[in-house]
Every structure is written in structure tokens, then in C-alpha cells.
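**Q** This is the structure I have questions about; it appears just below.
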Amino acid sequence: MSKLNYDEIRDWYVSNFNTFENNLNGSLDVPFHKVRKSAIAKFEELGFPARRHEEWKYTNITPLLKEKLPLAGKSDRFSAADLAAYTFEGLEKNLLVFVNGQYSKELSNYKNTVDGVIIENLASALKNHSDLIADSLSQYANYDDEAFVALNTAYANDGLFIYVPDNAEVEAPLHLLHLSDSNDGAFFSNTRHLIVAGKNSRLKVVESHHGIGDAICFNNFVSEVVVMDNARVDHVKLQDEHSAAYHIYNLQAHQEKESVYSLVNIDIGGKLTRNNLNVALKAEHCEGHLIGFYMGSKKQHIDNHTAIDHAMPNCYSNEIYKGILGGKASGVFNGKIFVREDAQKTNAYQDNKALLLSDDAKVNTKPQLEIFADDVKCSHGATVGQLDEEAIFYLRSRGIPKEKAQSMMQYAFASDVFEYIPIESVREKIDHTIFERFKTL
Amino acid sequence: MITIKDLHASVEGNQILNGLTLEVKPGEVHAIMGPNGSGKSTLANVLAGREDYEIDGGEVTFNGQDLLEMGPEDRAREGLFLAFQYPVEIPGVSNVNFLKTAVNEIREYRGEEKMDAMEFLAYIREKMKLVEMDEKFLSRSVNEGFSGGEKKRNEIFQMAVLEPKLAVMDETDSGLDIDALKIVANGVNKMRGQDRSFIVITHYQRLLNYIVPDVVHVLVDGKIVESGDKDLALRLEAQGYDWVKGEQAAATV
């Protein structure tokens, strides 16, 4: 295939939308369809971001634009027995599985036990709860200047809708397992999650991402999370996709009065990852945590763009990002903190650290604080370093082999991040996976 | 135990050890004294296998094996222990995890069963008594925020846990007050035995009042210039290193 330019490939995704529409069948009359049409028009206007785009300076998506990728098809390659590798102890009965962006009823294992709680895949929820969804879907994740959000809004027809009514608590953490299979060829998938946590409600969500196959998977996600007054949502995201995956993930969290939202975001797989993680503290006394860890080797690229918007007074945000890169891997951390004029008494903390294990690994890190209020407490720090050779010698001199000494040091660097994972079995499995993975760096 | 023959070593192109020869037999305690820059710490680091040091000549045989061919971890597994002059702080690695990993790596190397958490805790508690260590210390990160004295005590504690055949103590007395010095010396003395040897490197004679050596060597310009019994240390203390240097100068004329 000849080299395509940005316009040609953009036009392909725009024209392909007609095919997508024709396959929607009965869904054309849901109110959301109007939003889709406006989103694809916006995408046509924006096109894919090129390197000259300020927010895409260090992340090159041209490999993704070399082929006209068709929409994802079904895959039957995963059986219930395969899932054991991906599940977490104690969460097997709260499992919602998505294959190539489509909900899989067969692989999922979930029964709702809380009155008023809705946990339903988006494709059917768009029909069954169209009013409830219309209140929130695409109300938070703005596609006006985000091409990937526009694309997802136009194309996404599945994902998960979680609605927790006021005062309800979903005690058992939900596990959203995303699997990709590109053995039948490259594809483009869009998954859309909408989480609405009513006043004074409680919810824990763990999402994980894995895949198989050699052909390109262009996995484009958008999640909107609404956390109402005094609610608490704990969110864990583990991205451990296969080496052919391009993982683009836009998150928009919206917090109301005295709410808590915590995201622990872990990227250890995929070929190219771009996370845009936005948390808006829209009322007083909110608490937002953005915690992250990333690890890459070979030519992996991991880009985390985060933004915390302090719109109102007396909110607290806590952001910690740590990364370990070896081989020719590259990383990007861009951490924006906005403190609006009204947001007096803001307390914002940001720290990001990267460890480079090879001469060819690199990271571009940029804390970006924009403060318009005058009575605030904001601190940020950024460091890039290498493993402490003295410490490695010290460990070796006690009989610990070099490779294990390095793993211990890497673990020591990263482990405080894992402490933020609120579910023990999830923390232990991720912790163990990462410790074992250190050897491959 | 260990035989060092005509050892030459340099760091960053500077020759530090100039034909050092030394033999330590099982059960013996040798003290190595010498002025600043004489090569004391270089000797300790070369024996432990630090990679910044270049071996330019000579040989070191440890229990019949060529020590210089081994990586630092294998030297430790074969029973060599270095008590660091400047113990390294390792934030995020707890003492208990560190020691359990070390003990089990060594046991595995020797074909012994690994210790489980319970066994290990019982074992380590016994060793803590030896250097009067507080239990709270186990969960703390290795040497992080430790005072100078605590760090040195931690070295001796590690020595007790790993039960080496040969312990090289690199200026363990520096920075210790008299009480800490006594605790450290007491720990070492309890570990003395006919199968275990010590090389005690020190600048001052003070430590040797508590750890009484079988042999005292004087290291000057990377070579042992004088050896004797414990009285040699007292003489050095009284007369200073210029005395040996002078004697050496006279001998080379």
C-alpha cells in the first residue's frame, strides 16, 4: 500500500462512517445518533493530530495512518478457560468482557444485586435507558478539539454503562476486561464507557486491556466518569496490550461537591499508548487522585497527558507518576494543573519521576501549572534518573544476583504507586506481574 | 582461607595496590592499618568485587578458588562478606525483604532449602540480639535515615545473618561512639571461631582494644611493609605512620 497522507486517511474514516451507520440497524433513531453525526463532522474538520500540534509534539501516530483500517469484527478465539490468565482473584463473578470493542455476553459473568444499579453494555443501554444516557453521554468528554474523542463519539456503539443511584454502594469491584484479537487482520475499534455515580454512592472499577495477534489494533477508548456529591469512585486501569496495539484512551472525570475520584493507571504493554486523563473538580471540597506507573522496553512509546482542573475552592488533588524505560522505549509525561480564579485554598500536589535503564531510552516530561488564584498551595517535582549502581553493588555483595538486584531497585522505585490500588488481589497480581516483567527491560 | 599474592590494582588509571601479599588462615583475625591513601579501602573493595577497580596483576585464592574470577554475588555466596565503610541507603527496600532475599539466594546456591517467612523471622530475631537491634528496624528501608552508628551496626547485623567464612571490615569503627563501638566489637567477638576469619581494616588502634587481632599489618603505598602481633598497633598509635615509612625508606636505600 502506498503511503497515505493525513487528509486521505481522514477521509477514509469519514467515508467509512456511512458503512457504520448502515450497520447500526435500529439504533439510528436513538437520540444519540445526532451526536454521532456532529462528532464525525467535527472529526472531518480536525483530522488526525500531526507532530506540529503542540499536544502531540512527542508522539508520532503516522504508523497508525499507513493503512485504511476497517472496523473491528468479531473474534471467537477467546474461551472462558483463557480468561483465567486475565482475571483477578475474587473478581471473577463481577466480570464484564469486551472483545474487539464489543461486549461479550458469553464470556462475561455478572449478576447485579443492588437495587436501582444499572450495569449494561452500551449498545443495549442506548435503547433501554436512552433518557438516562442522554443526560450524560458525551456531555463531559468534549470532542471539539480532540480528534480521537470525536472519532470515538461517532463510531462507538458498545462499552459499558454503569449507573449507581444516590446512596447505593456497589460493594464488589467490577472488572472490565478488554481483549483484542488481530489474528484476522488489522482493525479499528471504539469502546465507550459511561460511569455515573449518584450522590453518596460508592463504586470500584478495575479495567484491564490485553490482546493477541500481529496485525495492528487501533483501540480508541473514551470513558466519562461522573462523580456526584459525596460519592467515591475508585478506578484502576491496567494496560497490558500486545505489541501490535495502539492504545488511545481519553478519560473525562467530572466531580461534584465533596466527592472523591481516584485513578491508578498502569501502562506496561502496547506498541504506542496515549492517555489523555482529565479530571475536573467542579465543586468545593473534592479530592482527585491521578496515580500512574508506566514501563516500556524495545521501541514502546507511552504518553500520559494529564489535566486536573481546579474550578472551585477548597479542593485537593494528588498526582504521582512514575516510569521505567529500557531499550529504545520512549515516554511522555505532561501534567497540567489549572487553578481557576475562583479556586482559592486549592491544594495541588504533583510529582513525576522516570528511571532510564539504557542510553537509548528517553522521556519528555513537562509539568504545566496555570494558576489564576492567589491563595493556593501547589507543588510539583520532576526527576529523571538511572539505577543507583552503588546500591546494586551493595545488594550483590550480599549474594543477590545482579538481575534480581536490579529488579529489587526498580520495584523500590515504583512500589509506592501500587499501594494506591485499593483492591488487594488486584494490587498483588499487578505487583507480581510487574516485578516479573522487570527482567525483560 | 584467603591468599593474596602480589596484588596490583588501580582505579581510574591510578595505581593503588602495588604488590600486596597476605595470607589469612581459618580462625585468624588480621588487622590492616595504614595512613590515608595507603590502599586500605581499595583492598576491601577489590576483595568484594567492585567493578570500578582494575586488577593489574597478582592473584587471590579464596578457599581454593580464584576469587578475582567471581562476580560480587558469587563471592558472597562462597562466604565472603564486606562490611562497608559507607553503607548504602536503599529507599523502598525493607531490611527484612533484603535479608530474606540474600539469605535464600545464598542457601539456594549452597543447595540448601529456602527459609519460609516464619523460619526466617525466628532466625533473624536471634541474630538481632547479637547487635542489640530493635525489631522496628526490620520494616524500615535499608539504611535509610539511619545514623552513622546505626548503619555500622546494620553491617555487623548483616554479617551475623549471612554467617560468612571471611569478613572484611572496612573502617567499621569510623564514626562510632564508644558504646556503639563496644556493641559492634562484641558482636564480632561472638562470631569468632576456628572456621571464620576476619580482616579488620582500621585507621586507629582503638577498635583493636576490643577486637584483639592475631596479626597486625601496616599498609603503606599499596604494600604491606610491616607485620607483627597486636603490639605493633600500639606502637603505631604511639609513634605514627612516619616511623614505618621512615624504616621503609631506609630499607630501600
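The values are calculated or read from the model by the stated rules, or taken from the named source; none is laboratory data. Remember, predicted model here, so these are calculated numbers, not experimental data. So basically every Cβ, Gly included, is an ideal-geometry build from the backbone, and we count neighbours across all protein chains shown. Note: areas computed on protein heavy atoms with side chains; ligands, DNA, RNA excluded. Shrake-Rupley method; radii C 1.70, N 1.55, O 1.52, S 1.80 Å.
**Q** I need the full set of residues from segment B:76-102 which are assigned to a helix (DSSP H, G or I), open to solvent by 10 Å² or more (accessible area, probe 1.4 Å), more than 7 Å from chain A (Cβ to nearest Cβ) and closer than 28 Å to B:Gly27 by Cα, in order please.
**A** B:Lys100
**Q** Does segment A:376-392 contain any residue that is under 30 Å from A:Ala172 (Cβ atoms), within 14 Å of chain B (Cβ to nearest Cβ) and at pLDDT below 95?
**A** no
**Q** Report whether or not A:Ala382 is touching a Pro at 6+ places or on another chain (Cβ under 7 Å), over 19 Å from B:Asn143 (Cβ atoms) and not basic (Lys, Arg).
**A** So A:Ala382 passes the test.
**Q** Still on this structure, please answer the following. Which condition number does A:Asn250 fail, the rest of (1) touching a Phe, Trp or Tyr at 6+ places or on another chain (Cβ under 9 Å); (2) outside any strand (DSSP E or B); (3) not aliphatic (A, V, I, L, M) being met?
**A** Going through the list (1) touching a Phe, Trp or Tyr at 6+ places or on another chain (Cβ under 9 Å); (2) outside any strand (DSSP E or B); (3) not aliphatic (A, V, I, L, M), A:Asn250 breaks only (2).
**Q** Considering only segment A:149-164, how many residues are open to solvent by 10 Å² or more (accessible area, probe 1.4 Å) and at pLDDT below 95?
**A** 1
**Q** Another question, then. Any idea which residue in segment B:103-126 is nearest to B:Pro164 (Cα to Cα), counting only those that are assigned to a loop (DSSP other than H, G, I, E, B) and open to solvent by 90 Å² or more (accessible area, probe 1.4 Å)?
**A** B:Arg110
This table checks each residue for (1) closer than 29 Å to B:Met115 by Cα; (2) at pLDDT below 90; (3) in contact with a Gly (Cβ under 6 Å, 6 or more places away or on another chain); (4) open to solvent by less than 10 Å² (accessible area, probe 1.4 Å).
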{"site": "B:Val161", "(1), (2), (3), (4)": "yes, no, no, yes"}
{"site": "B:Met169", "(1), (2), (3), (4)": "yes, no, no, yes"}
{"site": "B:Asp179", "(1), (2), (3), (4)": "no, yes, no, no"}
{"site": "B:Ile183", "(1), (2), (3), (4)": "yes, yes, no, no"}
{"site": "B:Val188", "(1), (2), (3), (4)": "yes, no, no, yes"}
{"site": "B:Arg192", "(1), (2), (3), (4)": "yes, no, no, no"}
{"site": "B:Arg196", "(1), (2), (3), (4)": "yes, no, no, no"}
{"site": "B:Ile201", "(1), (2), (3), (4)": "no, no, no, yes"}
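**Q** Another question, then. Please go through segment A:27-63 and pick out each residue that is among the hydrophobic types (A, V, I, L, M, F, W, C) and more than 17 Å from A:Val222 (Cβ to Cβ).
**A** A:Leu28, A:Val30, A:Ala41, A:Ala50, A:Trp56
**Q** Then there is this: Condition test on B:Val168, is it away from every other protein chain (no Cβ under 12 Å) and either within 16 Å of the chain's Cα centre (by Cα) or without any contact (Cβ under 8 Å) to a residue 40 or more places away in the chain (or both)?
**A** no
**Q** From A:Ile324, A:Ile423, which residue is closer than 21 Å to A:Leu272 by Cα, at pLDDT 95 or above and hydrophobic (A, V, I, L, M, F, W, C)?
**A** Of the residues listed, the single one that is closer than 21 Å to A:Leu272 by Cα, at pLDDT 95 or above and hydrophobic (A, V, I, L, M, F, W, C) is A:Ile324.
**Q** Can A:Asn183 be described as open to solvent by 10 Å² or more (accessible area, probe 1.4 Å), in a loop (DSSP other than H, G, I, E, B) and over 30 Å from A:Asp7 (Cα atoms)?
**A** Against the criterion (open to solvent by 10 Å² or more (accessible area, probe 1.4 Å), in a loop (DSSP other than H, G, I, E, B) and over 30 Å from A:Asp7 (Cα atoms)), A:Asn183 does not qualify.
**Q** Looking at A:Phe372, A:Phe338, A:Phe333, A:Phe438, can you tell me which residue is away from every other protein chain (no Cβ under 12 Å) and open to solvent by 60 Å² or more (accessible area, probe 1.4 Å)?
**A** A:Phe372
**Q** Select from segment A:46-73 the residues that are open to solvent by 80 Å² or more (accessible area, probe 1.4 Å) and modelled with pLDDT of 90 or more and list them in ascending order.
**A** Those that are open to solvent by 80 Å² or more (accessible area, probe 1.4 Å) and modelled with pLDDT of 90 or more: A:Glu54, A:Lys57, A:Tyr58, A:Lys68.
**Q** Across segment A:273-306, which residue is nearest to A:Phe148 (Cα to Cα) among those that are in a strand (DSSP E or B) and more than 13 Å from the chain's Cα centre (by Cα)?
**A** A:His301
**Q** Looking at segment A:157-168, can you tell me whether even one residue there is part of a loop (DSSP other than H, G, I, E, B), in contact with a Pro (Cβ under 8 Å, 6 or more places away or on another chain) and touching a residue at least 60 places away in the same chain (Cβ under 8 Å)?
**A** no
**Q** If you go through segment A:222-240, how many residues are under 15 Å from A:Val99 (Cα atoms) and either open to solvent by 10 Å² or more (accessible area, probe 1.4 Å) or more than 10 Å from the chain's Cα centre (by Cα) (or both)?
**A** Counting residues in segment A:222-240 that are under 15 Å from A:Val99 (Cα atoms) and either open to solvent by 10 Å² or more (accessible area, probe 1.4 Å) or more than 10 Å from the chain's Cα centre (by Cα) (or both) gives 1.
**Q** Name the residue that is surrounded by the fewest Cβ atoms within 10 Å (Cβ to Cβ), counting only residues in segment A:409-422 that are within 10 Å of chain B (Cβ to nearest Cβ) and touching a Gly at 6+ places or on another chain (Cβ under 9 Å).
**A** A:Asp416
**Q** Okay, moving on. Output the residues belonging to segment A:404-419 that are in contact (Cβ under 8 Å) with a residue 60 or more places away in the chain and aliphatic (A, V, I, L, M).
**A** A:Ala414, A:Val417
**Q** Taking the condition of being open to solvent by 50 Å² or more (accessible area, probe 1.4 Å) and in contact with a Phe, Trp or Tyr (Cβ under 9 Å, 6 or more places away or on another chain), how many residues in segment A:31-45 meet it?
**A** Number of matching residues: 3.
**Q** Moving to a separate point now. Somewhere in segment B:44-58, is a residue open to solvent by less than 40 Å² (accessible area, probe 1.4 Å), within 14 Å of another protein chain (Cβ to nearest Cβ), part of a helix (DSSP H, G or I) and touching an Asp or Glu at 6+ places or on another chain (Cβ under 6 Å)?
**A** Checked against the condition, which is being open to solvent by less than 40 Å² (accessible area, probe 1.4 Å), within 14 Å of another protein chain (Cβ to nearest Cβ), part of a helix (DSSP H, G or I) and touching an Asp or Glu at 6+ places or on another chain (Cβ under 6 Å), segment B:44-58 yields at least one hit.
**Q** I've got another one for you. Mind listing just one residue for me: the one in segment B:132-154 that is aliphatic (A, V, I, L, M) and modelled with pLDDT under 90 and, of those, least open to solvent (accessible area, probe 1.4 Å)?
**A** Of everything passing the filter in segment B:132-154, B:Leu138 is least open to solvent (accessible area, probe 1.4 Å).
**Q** If you check A:Tyr58, A:Tyr86, which single one turns out to be touching an Asp or Glu at 6+ places or on another chain (Cβ under 8 Å) and assigned by TED's automatic domain parsing to the domain that holds A:Asp11?
**A** A:Tyr58
**Q** Being surrounded by fewer than 22 Cβ atoms within 10 Å (Cβ to Cβ), in contact with a His (Cβ under 7 Å, 6 or more places away or on another chain), among the polar types (S, T, N, Q) and not in a strand (DSSP E or B) is the requirement here; does A:Asn314 meet it?
**A** In short, yes.
**Q** Another question, if that's okay. Which condition from (1) farther than 20 Å from A:Tyr246 by Cα; (2) in contact with a Cys (Cβ under 9 Å, 6 or more places away or on another chain) is the one that A:Phe32 breaks?
**A** With respect to (1) farther than 20 Å from A:Tyr246 by Cα; (2) in contact with a Cys (Cβ under 9 Å, 6 or more places away or on another chain), A:Phe32 is out only on (2).
**Q** Next question, about the same structure. Within segment B:59-69, can you find the residues that are of a type in the set (A, V, I, L, M) and open to solvent by 30 Å² or more (accessible area, probe 1.4 Å)?
**A** B:Leu68 - this is the single residue of segment B:59-69 that is of a type in the set (A, V, I, L, M) and open to solvent by 30 Å² or more (accessible area, probe 1.4 Å).
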